[in-house]
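Written out below as structure tokens is the structure these notes cover.
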Amino acid sequence: MRVARTRALAVLHVRGTATAAALLPAAVAIVLFAAAASGRATGPAWDTARWAVTGLALTVLLPAVVTAAVVARARPAVSPTVAIREETAPDLYRLVRELADRLGVPAPSAIATTPDCDSWLEDRAHLTRRPAPRGPAGHGLPPHRTGPRGRRDRLFRRPAPEPPELVIGSPFLWWMRVAELRALLAPVVAGTGPSAQPDIAAARRFVRGLDAAVAVAARHRALAVTGWAARTLLRACRAHAAEMERGVAAAASARAQTVDYGLRIVAQEQVGLAYAGWDRLLTRVALPAWRMGRWPSRLDAGVVSALTELSRRDRLAEGFASRLGERPACDLLEEPGVVDEAASLLAARLFHGGPAERGPGWTPVDWETYPEEIVDRKWRLDAARLQRVLDELPPAAGPGTRHLPAGAAARAVPPGEPGGVRTAVAADAAAAAPVPPAVPAVPHGESSAGPPLGPTLARVLDHFTGGRAAGDRETAERLAARLDAEIRREERDRERSGARGGAEPRGADSVPLFPLQVPRSGKELLVDHVTAMICCAAVDTAGAAPGLDWLDGPVLLFGDSRPADLGGPVLRLVEEGDDTELRGWLNEAGVRPEKPVRLV
């Protein structure tokens, strides 16, 4: 604590030095004018000096006043959170206050949650100005002394800063047990003690104000000097501020050593497990839904299922699921479903850039309907996109290729049947382009008498295997490039249509604050689309069903079992044009590639 306060004083010394430097020319000018008024320092030279120093004082003082005003009035950025009011979680507030009393520190002023595997204290005093609590009932602050010494304390005591807000990662509330959460929060809540120290609080306000001033100056070119001054001061106090925060963390950790030390070790193990399960749930389960304009409304409930599954699969996590018989921390909330839904919507905004409110193009989805509404629809959308790109991308000519008769693609599927290629544009393109021979149907021995009927898996397999005999190494690359362009075009069309319809699908926060992953490569897109086509064929011709794996995301199910992984055979098809292993998989699963599939 002593180290933290020393560094805080160093930060305040930087502030004082900057203030003195800004006031020095004005002070010198005042002294020169006072000397002239008293009959001293007269003459042309002194007059020139006085006006020169006055000009310098104005040149320095005016930008300094503007900078000070911007720093004082700028609003530092705060983390997006879901507020948890005391009336909606009295047990949680009681737990935190009892923990603060046990640690001998002020209790946090409020509690919030956020979709993140972390917990911290956040000062929001600049957002809401409330009177600081006083007395023993006011969050553990010492009572006022009486008598002469007490009166002297009241005269010189600076007002105690408002305690910061406690932010708890929402996955912790659902995965942690109550005792584990208390142990996990102990060092975090202990940080309210240093936060109540006036010098540390003032140093933090100064650093946050400088940071906010830099952001304001970046948006307004007229404040270029203010931005330069703020950046200079930040560089001057950066090292001191970092050491101050390290000192605060060390002091808080030392204070919390006596609170549930054994449970803290177990809780830290759960933090790593929660992070792993949360990351996989977001990237493999939530992200496919977000890309379709849907958001899972119970992400935190889903993380419990994901972590339970991870505990079952991971040898290092064995035994963690046995804790689930204890009381979960989400029981401390009166309406955990409401908090979960709000946190899930916030997660979509932070990690994907979705709007802050539900709307026509942004609706929630429950876990029970996820396989049907997300998994199946995602496969069919990808398969339809792949077929559409194949219509627009004529395969390269090679030995053994032949031409479809004019209009054959339009006549391949009778009107009214799902998935048929009926557009005149596609028919004309198919008539003008050479196509490879049809791929034999499965099982072996049967063959198609004519071209594949409509959107079939056989057509996709034929595209990759027919042209490779002629050494066409660009087949996959051209198709991947077209798929990437098509996805980008669909995204632009969706944003334009949302703006015209008044329902902004991506919202004002169209750029996610924390994007989950980099854009997929062309090869990954191509493998995903071919896999989607195979899954559609398996559902329509082999009795398979879409499913949800909490760790792997969308999966194909035959009854209650999952088939062998398709990644290797599909990658071999795409890269080498070899469908031998994939056809073996299709034969074993009973999938009929020559049968048309239903598309969206």
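Taken together, the values in this text are just the output of simple stated rules run on the coordinates, not laboratory data. This one's a predicted model, so the numbers in the text were calculated from it and none came from an experiment. Ideal geometry is used to build each Cβ from the backbone, glycine not excepted, and the neighbour counts take in all protein chains shown.
R0 = 41 Å: FRET efficiency of L62 with F514, Cβ-based, nearest 0.05? Calculated transfer efficiency: 0.55. Close amide-amide hydrogen proximity is noted between W295 and T363, V365, each under 5 Å apart and 5 or more residues distant or on a separate chain (H modeled in the peptide plane; Pro and chain starts excluded).
Overall, the ratio between the Cα radius of gyration of segment 274-384 and 2.2 N^0.38 Å, rounded to two decimals, is 1.15.
Along its three principal directions, the equivalent ellipsoid of segment 224-334 from the Cα gyration tensor extends over semi-axes of 37, 26, 13 Å, largest first.
The stretch between S38 and R231, if pulled fully straight at 0.36 nm per residue, gains 65.3 nm over its current Cα-Cα span. What's log10 of I(q)/I(0) for segment 169-277 at q = 0.11, 0.23 Å⁻¹, Debye sum over Cα points only, no solvent? Cα-only, vacuum Debye calculation for segment 169-277: -0.54, -1.10.
Along the axis of the charge dipole computed for segment 195-245 (Cβ charges of +1 for Lys and Arg, -1 for Asp and Glu, origin at the Cα centre), the listed residues A239, A196, A215 are led at the positive end by A215.
Ranked by the mean number of other Cβ atoms within 10 Å per residue, highest first, peptides 479-486, 282-289, 221-228, 343-350 order as 343-350, 282-289, 479-486, 221-228. Hydrodynamic radius of segment 40-89 by the Kirkwood approach over all distinct alpha-carbon pairs: 15.5 Å. Comparing V82, V60, A45 along the charge dipole axis of segment 45-116, the residue lying farthest to the positive side is A45, per the Cβ-charge model. Take the Cβ atoms of W367 and A77, set R0 to 35 Å, and the FRET efficiency comes out at 0.55. Seen from every direction in turn and averaged, the convex hull around the alpha carbons of segment 1-85 projects onto 9.9 nm². Each residue of segment 223-232 is assigned a 3J(HN,Hα), and the resulting list reads 9, 4, 5, 4, x, 4, 5, 5, 5, 5 Hz, derived from the Karplus form 6.51 cos²θ - 1.76 cosθ + 1.60 (θ = phi - 60°), x at Gly and Pro.
Taking the Cα centre of segment 1-114 as the origin and placing charges on Cβ (Lys, Arg +1; Asp, Glu -1), which of V96, H13, P108 is farthest toward the positive end of the dipole? Of V96, H13, P108, it is H13.
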